[in-house]
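Remarks on the structure that follows.
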Protein chains: 2
Amino acid sequence: MTGNEQRARIPEPTLRRLPWYLAFVKLLKGEGETYVSSTQIAKEISVDPSQVSKDLSFVNLAGKTRVGYEIGSLISVLEDFLGFSKRHKAVLFGVGSLGAALLQDSGLKQYGLEIIAGFDIRPELDGTQVNDIPVYLNGDFPHLHARHQATIGVITVPVDQAQAVADLLVSEGVRALWNFTPFRIRVPEGVVVQNTSIYAHLAVMFNRLSLLDGE
Amino acid sequence: MTGNEQRARIPEPTLRRLPWYLAFVKLLKGEGETYVSSTQIAKEISVDPSQVSKDLSFVNLAGKTRVGYEIGSLISVLEDFLGFSKRHKAVLFGVGSLGAALLQDSGLKQYGLEIIAGFDIRPELDGTQVNDIPVYLNGDFPHLHARHQATIGVITVPVDQAQAVADLLVSEGVRALWNFTPFRIRVPEGVVVQNTSIYAHLAVMFNRLSLLDGE
């Protein structure tokens, strides 16, 4: 069985919980701890201990002892497993407020996403830089992409441009789209789409708040 | 039945889909359209038509005719329903790269979140402004909050400060926390937590990409 086949069977909820475990054990490391048990993780994260063990069973961890996992190895194994230690080249379309914000977020690089260029349709942005990342016109993407071959396209354009930008990215061979717009883009089979609409999260939070008010 | 009780029963997946419908019908409006059917929305969003009808049945919509929903009313009803047309006052803790990015994102205000102040522990940020939003020291929060009464706290601090900031916000009576850190904060009953870890979404996207590579 290859590493890829192993990863294939991981449920999305597990993939979403593993970064929480990683964040917590990195915190422990910072406090000078050297070992952590799944019970300790479970307690801190408010997840069932058996769930933590199950989640961690997807990850290739060297024999766990009675004192638990060795924190240093757990961190590096989790980072490798989650793809955070690999360098994924990305381009970003739509250097508006959210797009420029993401170009400035150094956290993305730490988690394995390296945005190598921004693109926009506004001529006044052409040739500028945000956080040392160059910004070009959308139309320049094909010939720049031929040289730099990004695998991921980050989409932060206005809703009415989302599909056209997705089509452009896919036509040039970009295989994964990280869609921050509230628009449901359509892609051919074999292209990965990750939707992250922070405004949809706002709707959920507002609704729960209104329930508190109603009590 | 009050509006709040009606909202109480809405499943989270519906709350997450409604903003997609909203984005699409706003797009149609921009193109000069005046009516839209649930079938048309379903086709565009790649959701089952019966699901769209069911989702929209949670929203108080005036009688739908054979031509479908009147777009103008649908937009305003959805915006009201999702809380986007209300003004929710918020404070943001952690004016680092992601925090500053959110302060600069004018989209949040359009969706009903008005960040009135940023807070940080770094003295050099005290008294500065980002996008005309003032930045203060964490310690100044209690007396400023007494005057301004934000209902939502946005958390973009480093992982090792997340719990302390959550505790501070809750102790001052803030009732909803929007947590962008990968740390699982703990709060007392009656406080809403919305986790939005964009890095967890990265993990899911990287995993799916690695499956493509494995094929």
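The values are calculated or read from the model by the stated rules, or taken from the named source; none is laboratory data. In this text the structure is predicted, and so the values were computed from the model without any measurement. Neighbour counts run over all protein chains shown; Cβ positions are idealised from the backbone, glycine included. When the accessible area is computed, the model is the full protein with side chains, heavy atoms only, and any ligands, DNA or RNA have been set aside. Shrake-Rupley method; radii C 1.70, N 1.55, O 1.52, S 1.80 Å.
Out of A:Arg184, A:Arg147, report the one residue that is without any contact (Cβ under 8 Å) to a residue 24 or more places away in the chain, closer than 25 Å to B:Arg208 by Cβ and of a type in the set (D, E, K, R).
Just a single option satisfies the conditions, and that option is A:Arg184.
When only residues in region B:58-67 that are surrounded by fewer than 18 Cβ atoms within 10 Å (Cβ to Cβ) and not aromatic (Phe, Trp, Tyr) count, which is modelled with the lowest pLDDT?
Step by step, filter region B:58-67, then rank; the result is B:Gly63.
This table checks each residue for (1) in a helix (DSSP H, G or I); (2) among the hydroxyl-bearing types (Ser, Thr, Tyr); (3) touching a Phe, Trp or Tyr at 6+ places or on another chain (Cβ under 9 Å).
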site	(1), (2), (3)
A:Leu92	no, no, yes
A:Val95	no, no, yes
A:Leu108	yes, no, yes
A:Gly127	no, no, yes
A:Val174	no, no, no
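For region B:110-139, what are the residues that are within 20 Å of A:Gln104 (Cα to Cα) and not aliphatic (A, V, I, L, M)?
B:Gly118, B:Phe119, B:Asp120, B:Arg122, B:Glu124, B:Thr128, B:Gln129, B:Asn131, B:Asp132, B:Pro134
Go through (1) at the interface with chain B (Cβ under 8 Å from one of its Cβ atoms); (2) touching a residue at least 60 places away in the same chain (Cβ under 8 Å); (3) of a type in the set (S, T, N, Q) and name the single condition A:Thr156 misses.
(1)
Give the residues of region A:40-62 that are closer than 17 Å to B:Arg186 by Cα, in contact with a helix residue (DSSP H, G or I) (Cβ under 8 Å, 6 or more places away or on another chain) and in contact (Cβ under 8 Å) with a residue 12 or more places away in the chain, sorted by residue number.
A:Ile41, A:Glu44, A:Ile45, A:Val47
If a residue must be within 7 Å of chain B (Cβ to nearest Cβ) and of a type in the set (Val, Ile, Thr), how many such residues does region A:159-172 contain?
Qualifying residue count for the region: 1.
Taking A:Arg184 as the residue in question, decide whether it is within 25 Å of B:Gln194 (Cβ to Cβ), assigned to a loop (DSSP other than H, G, I, E, B), within 12 Å of chain B (Cβ to nearest Cβ) and open to solvent by 30 Å² or more (accessible area, probe 1.4 Å).
yes
Those residues that are surrounded by fewer than 18 Cβ atoms within 10 Å (Cβ to Cβ), modelled with pLDDT of 95 or more and touching a Leu at 6+ places or on another chain (Cβ under 6 Å), I need them from region A:126-140; list them, please.
Across region A:126-140, the qualifying residue is only A:Asp126.
Pairs please, first residue from region A:9-21 and in contact (Cβ under 8 Å) with a residue 60 or more places away in the chain, second anywhere and acidic (Asp, Glu), Cβ atoms under 7 Å, 6+ apart in sequence or on different chains.
A:Leu18/A:Asp55
As an exercise: evaluate B:Ala146 against (1) in a strand (DSSP E or B); (2) more than 19 Å from the chain's Cα centre (by Cα) and give the number of the one condition it does not meet.
Going through (1) in a strand (DSSP E or B); (2) more than 19 Å from the chain's Cα centre (by Cα) one by one, B:Ala146 breaks only (1).
Could you please let me know if B:Leu137 is touching a residue at least 12 places away in the same chain (Cβ under 8 Å) and not assigned by TED's automatic domain parsing to the domain that holds B:Ser171?
Spelling it out, it is not the case that B:Leu137 is touching a residue at least 12 places away in the same chain (Cβ under 8 Å) and not assigned by TED's automatic domain parsing to the domain that holds B:Ser171.
Determine which single condition B:Asp55 fails, assuming it passes every other condition in (1) open to solvent by less than 10 Å² (accessible area, probe 1.4 Å); (2) at pLDDT below 90; (3) touching a Ser or Thr at 6+ places or on another chain (Cβ under 6 Å).
(2)
Hey, could you check region A:13-37 for residues that are surrounded by 20 or more Cβ atoms within 10 Å (Cβ to Cβ) and at the interface with another protein chain (Cβ under 9 Å from one of its Cβ atoms) and say which is nearest to A:Asp48 (Cα to Cα)?
Looking at the filtered set, the residue picked out is A:Arg17.
Pairs please, first residue from region B:195-215 and in contact (Cβ under 8 Å) with a residue 12 or more places away in the chain and more than 7 Å from every other protein chain (Cβ to nearest Cβ), second anywhere and assigned to a helix (DSSP H, G or I) and of a type in the set (A, V, I, L, M, F, W, C), Cβ atoms under 9 Å, 6+ apart in sequence or on different chains.
B:Asn195/A:Trp20
Here's a check for you: in region A:70-125, which residue that is facing chain B (nearest Cβ under 8 Å) and charged (D, E, K, R) is least open to solvent (accessible area, probe 1.4 Å)?
A:Asp105
Before we move on, is B:Arg175 within 22 Å of B:Gly139 (Cβ to Cβ), open to solvent by 10 Å² or more (accessible area, probe 1.4 Å) and at the interface with chain A (Cβ under 7 Å from one of its Cβ atoms)?
Against the criterion (within 22 Å of B:Gly139 (Cβ to Cβ), open to solvent by 10 Å² or more (accessible area, probe 1.4 Å) and at the interface with chain A (Cβ under 7 Å from one of its Cβ atoms)), B:Arg175 qualifies.
For region A:146-170, give me each residue that is open to solvent by less than 10 Å² (accessible area, probe 1.4 Å) and out of contact with any Ser or Thr (no Cβ under 8 Å at 6 or more places or on another chain).
A:Ala150, A:Ile152, A:Gly153, A:Val154, A:Val165, A:Ala166, A:Leu169
So which pairs qualify, if the first residue must be in region A:92-121 and without any contact (Cβ under 8 Å) to a residue 24 or more places away in the chain, the second must be open to solvent by 10 Å² or more (accessible area, probe 1.4 Å) and of a type in the set (Phe, Trp, Tyr), the Cβ gap must be under 9 Å, and the two must be at least 6 apart or on different chains?
Between residues of region A:92-121 that are without any contact (Cβ under 8 Å) to a residue 24 or more places away in the chain and residues that are open to solvent by 10 Å² or more (accessible area, probe 1.4 Å) and of a type in the set (Phe, Trp, Tyr), the close pairs are A:Gly107/B:Tyr199; A:Leu108/B:Tyr199.
Just the residues that are within 22 Å of A:Gly96 (Cα to Cα) and of a type in the set (Asp, Glu), please, taken from region B:116-149.
The one that is within 22 Å of A:Gly96 (Cα to Cα) and of a type in the set (Asp, Glu): B:Asp132.
Out of region B:38-48, which residues are open to solvent by 60 Å² or more (accessible area, probe 1.4 Å) and over 15 Å from A:Asn195 (Cβ atoms)?
B:Thr39, B:Gln40, B:Lys43, B:Asp48
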